[in-house]
Amino acid sequence: MPVGTKPSSALVRRTRYGVRRQRMRHLGMYLVGTVYNFWCLHAVEPLNSRELGRLLAAADGDTWQAKRDVAVLNLLVRAGLRVGEVVALRVDDVELSARKGHVVVRSGKGMKERTVPLPREARAALQAYLAVRPAWAGEWLFVSKTGKALSPRDVQRLVEKAARGAGLAKRVTPHVMRHTYATRALRRGVDLATVARLLGHENLSTTARYLHPDGARVAEMVEEL
């Protein structure tokens, strides 16, 4: 452009647009980086497939209590139930067949009822437990040797015992098991809304905490801005 020539309005608009776009890109990079850093500091590390297999194998055994423990672990990690929801289950809340099955959660957060489908492994674990469950056990699905319903603390102990038996270095809790379920579902392509419904979440933002973006995904997110 010759010296002293006034730039056209179109050129001015393009320049301003370019500046705004660059600023938005920098802001987006900052926001994504902030979210990623927050996740790195506060993330719950889910179990991988090998760790999960070792955990379930460590809990397995021939007694009815061992079958009970494996069934409990499966409901945590393969159905995503909260520990309080697991111990509140009654026998009538379970529906099983050869090809499908579900549990009805009647004491979910906010006392909202929901139906959670069960994958094949979880159905098999429940069927194995129900086959040897004592006749005196009563209405509660999971009971102790005294016939009382398991407490949340009982479930925490059995999870910790299985983790020790599996030789896992990381800390494993019922929440980690539920977190593993959500993470595996999202990584396998289940949409966020469906995972939220299965977990009993009212807000998608709560479910989004289970997303685990790595460095490559963060770069992709920036490019998509």
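Brief remarks on what is shown
- Annotation: amide H of G101 within the under-5 Å range of L118, sequence separation 5 or more or interchain, hydrogens built in the peptide plane.
- The ranking of D93, D60 from fewest to most other beta carbons within 10 Å of each one's beta carbon is D60, D93.
- What the Cα convex hull of region 49-208 gives, in volume per residue, is 114 Å³.
- The charge dipole of region 49-208, taken about its Cα centre with unit charges on the Cβ atoms of Lys, Arg (+1), Asp and Glu (-1) only, comes to about 360 debye.
- Amide H within-cut-off set for F142, under 5 Å, with H built and near neighbours excluded: L150
- For region 140-149, 3J(HN,Hα) per residue [Karplus equation, 6.51 cos²θ - 1.76 cosθ + 1.60, θ = phi - 60°, Hz, x = Gly/Pro]: 6, 5, 10, 10, 8, 5, 8, x, 7, 4
- Between D60 and S107, the simple spin-label model (points 7 angstrom out along Cα→Cβ) gives 3.0 nm.
- Whole-Hz couplings from phi, Karplus 6.51/-1.76/1.60, listed for region 51-66; x for Gly and Pro: 4, 5, x, 5, 4, 5, 5, 5, 7, 6, x, 8, 7, 5, 5, 5
- Evaluating 6.51 cos²θ - 1.76 cosθ + 1.60 at θ = phi - 60° for every residue in region 128-137, the Karplus couplings come out as 5, 6, 5, 5, 10, 4, x, 5, 7, 5 Hz, glycine and proline recorded as x.
- Net charge of neighbours whose Cβ lies under 12 Å from the Cβ of D93, counting Lys and Arg as +1 and Asp and Glu as -1: -2
Read-outs: derived from the displayed coordinates by stated rules, not from any lab. Owing to the predicted nature of the structure, the values given are computational and were not obtained by experimental measurement. Positions of Cβ are generated from backbone atoms using ideal geometry, with glycine treated the same way; all protein chains shown enter the neighbour counts.
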